[in-house]
Amino acid sequence: MIRSGRHRHRRPPYGGRREAVLLSPVILTVFIGGLAFATPREIAFSRLLPAAPALAAALWPVVPTILLGAFSLLIMIGLSLVYSDLGTPYTAAAIVAVTLAAAYASHLRLQREEMLFQVRLVADAAQKVLLRPLPRQIQNVEIESLYLAAQEQARIGGDFYEAADTPYGVRLLIGDVRGKGLPAVGAASAVINCFRESAYDQPDLRGIIHRMEASMVRYSLGTPAADQPEHFATALIAEIPYGGGQARILNCGHPPPLLVQSGQIRVLDSAVPSPPLNLAMLLGAHYSIDTVAFDEGDQMLLYTDGVTETRDRDGRFFPLPDWVRKLGPAPPRELLDRLHEDLLRYSGGRLDDDIAALAVRCAKAPGQERLG
């Protein structure tokens with residue numbers, strides 16, 4: 001995982017095990033050669049020597065692969081000096097043929113690895129645009145974020161979040177596009193970019209949602225007709241006034257946030273459900289805003305359904321409200337770090353869906369310490 005506390009991805013283990021894997025073609029060559037010298041001629045372990053350059057093709061560049069093939073050929077020649085009638089010409093021909101094929105395979109592998117490296121560079125750049133690092137604090141609102149990709153090498157997905165410092169207070173966005181891959185990334189990009197623009201000039205949350213709905217519809221119309229019904233997203237917008245007061249929440253089919261207030265845990269379900277983005281034509285464009293007290297010391301956890309739909313080995317869902325209740329008071333960064341660790345532990349290290357979460361806390365307003 002990237003330990004920055006912002007975006008986290010699992011890293012494959014490296015170290016001594018990797019070095020042993022890289023040396024395995026040499027180890028295999030020496031092992032086969034030793035067996036061939038130490039065992040009777042009739043067993044003919046020497047016929048296994050072509051396996052070494054074949055293995056090297058999956059791990060090494062072209063030149064070392066060819067050199068290992070030449071080394072295997074020298075071992076075969078040495079064996080022919082000790083044992084006669086080993087079928088040396090046939091085995092030597094097999095070593096040469098396999099080495100040439102392995103060298104070509106190694107060349108193709110390196111080309112693909114270079115291409116994959118370039119694709120990952122593009123993916124990393126796209127992630128920085130989509131899930132750019134959020135400010136840790138906007139005036140008196142502390143903000144921390146977490147992103148976990150379900151696939152080991154994934155960089156981006158359909159989960160998204162954003163925070164904006166606006167004249168109306170801190171505005172937060174979290175959402176989840178249905179589907180995976182590039183179509184989901186494109187839809188998430190359309191939603192996030194629309195929020196980044198409209199959050200500053202729309203005085204009402206409904207205005208932001210209407211513009212995000214229109215952006216999602218335009219994106220869907222620009223995609224192949226077969227994929228259009230699959231383009232919808234759940235989204236939640238929260239507006240937290242500076243200095244505390246009444247937080248406003250507009251939830252479009254998204255999992256309800258959790259509010260930690262005076263040691264109590266509340267699930268902030270919507271009084272009237274609002275439709276997900278790109279489904280207003282089917283369900284009606286009726287958006288409901290809920291208000292909740294959010295003052296100094298209060299904390300809110302926003303998350304995507306990958307959190308609550310994480311399963312253990314018995315298929316039970318992760319009990320998020322109970323987990324927060326057992327955790328007790330914790331600052332936003334610690335809360336997300338513990339959530340990250342416990343989700344991986346609960347699922348046995350295997351996530352079935354991407355996970356995004358925001359933890360926000362209302363701190364003292366600027367200047368309040370001096371006045372006190």
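Values computed for the structure shown
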quantity: Test for Pro40: is it in the same structural domain as Thr99 (by TED's automatic domain parsing), surrounded by 13 or more Cβ atoms within 10 Å (Cβ to Cβ) and modelled with pLDDT of 80 or more; calculated: no
quantity: Selected residue [closer than 26 Å to Val185 by Cα and not in a loop (DSSP other than H, G, I, E, B)] from Ala285, Ala238, Ala293; calculated: Ala238
quantity: Residues that are surrounded by fewer than 18 Cβ atoms within 10 Å (Cβ to Cβ) and under 16 Å from Glu144 (Cα atoms), drawn from the stretch 338-350; calculated: Arg338, Glu341
quantity: Looking only at the stretch 256-279, and only at residues there that are of a type in the set (Val, Ile, Thr) and surrounded by fewer than 20 Cβ atoms within 10 Å (Cβ to Cβ), the one that is farthest from Leu335 (Cα to Cα); calculated: Val272
quantity: Residue in the stretch 132-143 that is assigned to a helix (DSSP H, G or I) and of a type in the set (Asp, Glu) present; calculated: no
quantity: Any hit, the stretch 167-177, residues being under 12 Å from the mean Cα position of the chain (by Cα), modelled with pLDDT of 90 or more, surrounded by 24 or more Cβ atoms within 10 Å (Cβ to Cβ) and in a strand (DSSP E or B); calculated: no
quantity: Selected residue (criterion: nearest to the chain's Cα centre (by Cα)) from residues of the stretch 295-319 that are crowded, with 20+ Cβ neighbours inside 10 Å and within 15 Å of Leu358 (Cβ to Cβ); calculated: Gly306
quantity: Of residues in the stretch 5-37 being of a type in the set (Gly, Ala, Ser) and at pLDDT 80 or above, the one surrounded by the fewest Cβ atoms within 10 Å (Cβ to Cβ); calculated: Ala20
quantity: Boolean, Ala102 is surrounded by fewer than 18 Cβ atoms within 10 Å (Cβ to Cβ), in contact with a helix residue (DSSP H, G or I) (Cβ under 9 Å, 6 or more places away or on another chain), modelled with pLDDT of 90 or more and not in a loop (DSSP other than H, G, I, E, B); calculated: no
quantity: Check on Leu283, among the hydrophobic types (A, V, I, L, M, F, W, C) and within 30 Å of Asn140 (Cβ to Cβ); calculated: no
quantity: Unique match (being among the small types (Gly, Ala, Ser), within 16 Å of Arg178 (Cα to Cα) and either surrounded by fewer than 17 Cβ atoms within 10 Å (Cβ to Cβ) or modelled with pLDDT under 95 (or both)) among Gly222, Gly284, Gly253; calculated: Gly253
quantity: Residue that is surrounded by the fewest Cβ atoms within 10 Å (Cβ to Cβ) [pool: residues in the stretch 178-219 that are outside any helix (DSSP H, G or I) and at pLDDT below 85]; calculated: Lys180
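The values are calculated or read from the model by the stated rules, or taken from the named source; none is laboratory data. Remember, predicted model here, so these are calculated numbers, not experimental data. Methodologically, a virtual Cβ is constructed for each residue, glycine included, from the backbone with ideal geometry; neighbour enumeration extends over all protein chains shown.
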